[in-house]
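The values are calculated or read from the model by the stated rules, or taken from the named source; none is laboratory data. Just so we're clear, the structure is a prediction, and the values are computed from it rather than from any experiment. We place every Cβ from the backbone using ideal geometry, glycine too, and count neighbours over all the protein chains shown. Side chains included, ligands, DNA and RNA excluded: accessible areas come from the protein's heavy atoms. Shrake-Rupley method; radii C 1.70, N 1.55, O 1.52, S 1.80 Å.
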Amino acid sequence: MNDRPRQEPRELIGDLERHLFNEGRLWRLYELLGAHPMRIDGREGTRFVVWAPNASEVSVVGDFNDWAGGRDPLQVDGGSGLWAGFIPGVAPGALYKYQITGPRAEGQMLKADPVGFRAQHPPETASVVQGLVQRPWQDEAWMTERAQRNPLQAPMSIYEVHLGSWARVPEHNNRYLSYHELGERLIPYALEMGFTHLELMPVSEYPFDGSWGYQPIGLFAPSIRYGTADEFAEFIDRCHQAGLGVLLDWVPGHFPNDAHGLARFDGTALYEHADPRQGFHRDWNTLIYNFGRTEVRNFLIANALYWLDRFHIDGLRVDAVASMLYLDYSRSEGEWVPNRLGGRDNLEAIEFMHELNTVAHGEHPGAVVIAEESTAYPGVSRPVDHGGLGFTFKWNMGWMHDTLRYFARDPIHRHWHQDELTFALQYAFSENYVLPLSHDEVVHGKGSLIGKMPGDDWQRFANLRALFGMMWAHPGKKLLFMGGEFGQKREWSHDHSLDWHLLDDPAHRGLQRLVAELNRCLRERPALHRLDHSPDGFRWVDTRDSAASVLSWLRIADEPGSELLVILNLQPRVHERYRIGVPGAGPWRLLLNTDAAMFGGSDAPAPTQVQADEHPLHGMSHSIEVPLPPLATLLLGRR
């Protein structure tokens, strides 16, 4: 018989909290649900609150009660489906789960806390009592500036990182770096390379290493693989103090069916749909959230805010948005359920995205929400009040596929396919795009970026340098997965560190130096970022010389004399004298040449400074005659 004192749920759940939870607007849901160490009536202990509306019994089991069900039961708040209780003597560090008996007293399940703030190290599956992060943040200057920044007009170059394989400690059994060690090594590296943001592949706790975090179970728990939540917060604080933003990959599209997770949480399909035609992803063998359920939408939006609120995250990249938008995603006829209008759009998921983006942008000015969305769904990055989904940015998957397809071609065939480089400009300003060369392009047999390039070693490096030059000069924010910046040769593996020893080779070191220089140009040249999402910031010069595989365009900012001329020569031949139209008289000087010796190039003749002639060409009043080095991108400016 348990003689521990009890509180009724109404003593532990406030009337306003209950009201907002029932409405689906308890945005700081994590302040109520979960395990919160506190003092009640003079006693130290932990308050537990969990949502399980269809359960007949819920109790807390853990190392503090010998994992014995029934010793520490929770009481149900009938108006909300929340179960609550205060257990004296349970302190931070205690292991626990919820023992849940299904409706009509059918079956018992042991479940981790959906709003747990810490988890055991996988493969163990218990939750760990830990309060919310209470950090004396030192990033006020960063947060103030961020709130005033217009992210659409600011330079953004994102370094995508998998924390477990960026680097490891081989002398200690190949272990992961801790959050503290990542702060010591990753932050200075990203700054030296000139990136504006890190994007971390999911850090929400996940059971299976091979999912890379994209099958999370502990949405409120930073992965213990690298340290505690306080240590993760310290890492973010250090990034901000150094002037580096941090984005998180976030996965609201699906969740794994592990027994200790959300699947049939209270004995019913609570977080997911009961019908597998709506609730099961065959592609990933995962379950799909029921976005039509008020409490589920609230849970997910509160989780997004949790990372923005408690960890000062600068934005979320939302994974697999296309799979959320369409009811027939990866399904054949008869394998999906139409919406209430008879169509294929997931109306409840769309409503969820509207609410998510409205709340996130409203609560955190300057933070960004980025959609990984691979279809032509209209208005993904248009504001909600203008008929869009409300994301800040959308990944440009079409640009990525076309560009990699083109650069993988032997140069002898490229003159037939120049439209693969020009087509993206037909829609480049229909959304606020990020140009991604992400982890998805270097896994599952796709090889590395350098491995996709044709030709011998010299040509492969030259092609990749030219590709990076084109990417940084193209409208849109930039994202590059770790290892790409120095030409990692083997396909990425989450089990191993990047091959940093390759930097002993001048070709790899030169490629790395080029990416740093491109990032410097991106920051310092307004034409490369200020009007990324406006047609006013771009003008073709010449797209017609497909025989020579030469392309040229202008990038323009909203200030006189800021134009930049971009020239691509994508054949391995030198043009000693090539004429290109320019807008107006005056000198043009070379700002960047991807074929320069300092980047590992051939250092073939290239223009240093050239005077424009009054020789009309390409619809311009003047033109310049310049040498073009092989397989190179050139960037020229007026000043």
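Quick rundown of the values:
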{"item": "Flag for residue 503 being modelled with pLDDT of 95 or more and either closer than 18 Å to residue 192 by Cα or assigned to a helix (DSSP H, G or I) (or both)", "result": "yes"}
{"item": "Conditions (1) closer than 26 Å to residue 149 by Cβ; (2) in contact (Cβ under 8 Å) with a residue 60 or more places away in the chain; (3) assigned to a helix (DSSP H, G or I): number failed by residue 425", "result": "(1)"}
{"item": "Test: residue in the range 114-121 that is farther than 30 Å from residue 433 by Cβ and without any contact (Cβ under 8 Å) to a residue 60 or more places away in the chain", "result": "no"}
{"item": "Failed condition for residue 497, given (1) surrounded by 17 or more Cβ atoms within 10 Å (Cβ to Cβ); (2) within 21 Å of residue 197 (Cβ to Cβ)", "result": "(2)"}
{"item": "When residues of the range 339-378 are limited to those that are farther than 26 Å from residue 283 by Cα and small (Gly, Ala, Ser), the one surrounded by the fewest Cβ atoms within 10 Å (Cβ to Cβ)", "result": "362"}
{"item": "Options 305, 327: the member that is of a type in the set (A, V, I, L, M, F, W, C), touching a residue at least 12 places away in the same chain (Cβ under 8 Å) and closer than 18 Å to residue 216 by Cα", "result": "305"}
{"item": "Residue in the range 247-294 that is farthest from residue 206 (Cα to Cα), counting only those that are out of contact with any strand residue (DSSP E or B) (no Cβ under 9 Å at 6 or more places or on another chain) and of a type in the set (Ser, Thr, Tyr)", "result": "294"}
{"item": "Any hit, the range 49-66, residues being at pLDDT 95 or above, hydrophobic (A, V, I, L, M, F, W, C) and open to solvent by 40 Å² or more (accessible area, probe 1.4 Å)", "result": "yes"}
{"item": "Among residues of the range 433-457, those that are of a type outside the set (A, V, I, L, M), outside any strand (DSSP E or B) and under 22 Å from residue 199 (Cα atoms), counted", "result": "8"}
{"item": "Per-region count, the range 307-338, residues over 30 Å from residue 147 (Cβ atoms), open to solvent by 10 Å² or more (accessible area, probe 1.4 Å) and touching an Asp or Glu at 6+ places or on another chain (Cβ under 6 Å)", "result": "2"}
{"item": "Residue that is modelled with the lowest pLDDT [pool: residues in the range 14-37 that are open to solvent by less than 50 Å² (accessible area, probe 1.4 Å) and assigned to a helix (DSSP H, G or I)]", "result": "18"}
{"item": "Residue ranges of strands (runs of 3 or more DSSP E) in the range 93-197 with at least 2 members touching a Ser or Thr at 6+ places or on another chain (Cβ under 9 Å) and surrounded by fewer than 20 Cβ atoms within 10 Å (Cβ to Cβ)", "result": "108-111"}
{"item": "In the range 366-393, the residues that are touching a residue at least 60 places away in the same chain (Cβ under 8 Å) and closer than 16 Å to residue 428 by Cβ", "result": "393"}
{"item": "Close pairs from the range 57-76: first free of Cβ contacts under 8 Å to residues at least 24 places away in the same chain, partner assigned to a loop (DSSP other than H, G, I, E, B) and open to solvent by 70 Å² or more (accessible area, probe 1.4 Å), Cβ under 6 Å, at least 6 apart", "result": "65/71"}
{"item": "Breaking point among (1) open to solvent by less than 10 Å² (accessible area, probe 1.4 Å); (2) not in a helix (DSSP H, G or I), for residue 511", "result": "(2)"}
{"item": "Extreme residue, nearest to the chain's Cα centre (by Cα), among residues of the range 74-92 that are more than 18 Å from residue 269 (Cα to Cα), open to solvent by less than 30 Å² (accessible area, probe 1.4 Å) and among the hydrophobic types (A, V, I, L, M, F, W, C)", "result": "84"}
{"item": "Unmet requirement for residue 460, which otherwise passes all of (1) open to solvent by 10 Å² or more (accessible area, probe 1.4 Å); (2) of a type outside the set (A, V, I, L, M); (3) in contact with a helix residue (DSSP H, G or I) (Cβ under 8 Å, 6 or more places away or on another chain); (4) not in a helix (DSSP H, G or I)", "result": "(4)"}
{"item": "Check on residue 478, open to solvent by less than 10 Å² (accessible area, probe 1.4 Å) and outside any helix (DSSP H, G or I)", "result": "yes"}
{"item": "Members of the range 625-638 found to be more than 17 Å from residue 473 (Cβ to Cβ) and either assigned to a loop (DSSP other than H, G, I, E, B) or among the charged types (D, E, K, R) (or both), listed by number", "result": "625, 630"}
{"item": "Selection status of residue 243, modelled with pLDDT of 95 or more, at positive phi and assigned to a loop (DSSP other than H, G, I, E, B)", "result": "yes"}
{"item": "Residue in the range 512-522 that is within 30 Å of residue 174 (Cα to Cα), under 29 Å from the mean Cα position of the chain (by Cα) and among the basic types (Lys, Arg) present", "result": "yes"}
{"item": "Filter result (in contact with a Phe, Trp or Tyr (Cβ under 7 Å, 6 or more places away or on another chain) and open to solvent by 30 Å² or more (accessible area, probe 1.4 Å)) within the range 210-233", "result": "215, 231"}
{"item": "Qualifying residue in the range 392-411 (condition: hydroxyl-bearing (Ser, Thr, Tyr) and closer than 25 Å to residue 550 by Cα)", "result": "yes"}
{"item": "Residue that is most open to solvent (accessible area, probe 1.4 Å), among those in the range 260-296 that are touching a residue at least 60 places away in the same chain (Cβ under 8 Å), within 13 Å of residue 100 (Cβ to Cβ) and not aromatic (Phe, Trp, Tyr)", "result": "264"}
{"item": "Scan of the range 209-226 for residues that are under 20 Å from residue 303 (Cβ atoms), outside any strand (DSSP E or B) and of a type outside the set (Val, Ile, Thr), ordered by number", "result": "211, 212, 213, 214, 215, 216, 223, 225, 226"}
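Quick grid of which residues meet (1) of a type outside the set (S, T, N, Q); (2) out of contact with any helix residue (DSSP H, G or I) (no Cβ under 6 Å at 6 or more places or on another chain); (3) closer than 24 Å to residue 410 by Cα:
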site: 581; (1), (2), (3): yes, yes, no
site: 588; (1), (2), (3): yes, yes, no
site: 621; (1), (2), (3): no, yes, no
site: 624; (1), (2), (3): yes, yes, no
site: 632; (1), (2), (3): yes, no, yes
site: 636; (1), (2), (3): yes, yes, no
